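Report on the structure given below.
Just so it is clear, none of the values below were taken in a lab; they were calculated from the coordinates. If you're wondering where the values come from, they're calculated on a predicted model, not measured in any experiment. Glycine gets a Cβ as well: all are built from the backbone with ideal geometry, and neighbour counts include every protein chain shown.
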């Protein structure tokens, strides 16, 4: 009898649970951003957020220790070099490694102010294929969209400025003795590392990481929103 009672109640329980789950899903879906905004307003707001993020990124990253003392964007040794780090330090290259990494971060800090206008130009030219989808995407969906759509162009555009900063801080000169040691550690087959490309991409990635942080803040902090942003980012 007890088993029969349970068998009878189980379908009712499952139906109730399903209804509750459906209600939750509908409730979540109803909390969308920008319900009262036009696509044009949404695109403008997203670009405003990105542009503000770029200005903050340059202000933060473009100062002494802006990269070096910020674990979020600090430029690490290239992976292929990092895999040989212990051997390089045992070979007496610890100081050279540290100076090389510091020089990379100093170069990124010096290049950051020149990268700002390039990023702003990319933001002005970008077209969101579905601005509402970006608006209601992840916490930094606009930054991710910019990076995915424009990263190759951006990397190419910032590279000359990064290379100039690398020259100022002797990045390649500090890399040379390490390359010699890596040749010995790998029996004459050192890893191929394009330092110029690595630095351009890492500098750009660091700045975009800071832009993403600004976007996350603006999305959920009404005090950081202009009237347009309040209209676009408010939930319904």
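A compact table of results
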{"read-out": "Most fluctuating residue given options 146, 119, 178, as computed from a GNM of the chain linking Cα atoms under 10 Å", "value": "178"}
{"read-out": "Crossing angle, helix 141-168 versus the chain [Cα axis fit, 0-90 degrees, rounded to tens]", "value": "10 degrees"}
{"read-out": "For region 123-207, projected area of the alpha-carbon convex hull averaged over all directions, nm²", "value": "7.6 nm²"}
{"read-out": "Gaussian network model of the chain, springs between alpha carbon atoms under 10 Å - residue of 36, 170, 223 with greatest fluctuation", "value": "223"}
{"read-out": "Cα pair count fraction exceeding 24 Å, expressed as % - the chain", "value": "57 percent"}
{"read-out": "Average Cα contact separation per residue, the chain, under 8 Å, 6 or more apart, as relative contact order %", "value": "36 percent"}
{"read-out": "Angle in degrees between helix 39-61 and the longest Cα principal axis of the chain, rounded to the nearest 10", "value": "40 degrees"}
{"read-out": "Residue with peak Gaussian network fluctuation, the chain [Cα springs, cutoff 10 Å], from 182, 104, 166", "value": "182"}
{"read-out": "Ranked list, fewest to most other Cβ atoms within 10 Å of each Cβ, for 163, 85, 109", "value": "85, 163, 109"}
{"read-out": "Inter-centroid distance (Cα atoms) of region 163-198 relative to region 114-158, Å", "value": "31 Å"}
{"read-out": "Value of relative contact order over region 134-236, rounded to a whole percent, pairs C-alpha under 8 Å and six or more apart", "value": "37 percent"}
{"read-out": "Crossing angle, helix 171-185 versus the chain [Cα axis fit, 0-90 degrees, rounded to tens]", "value": "90 degrees"}
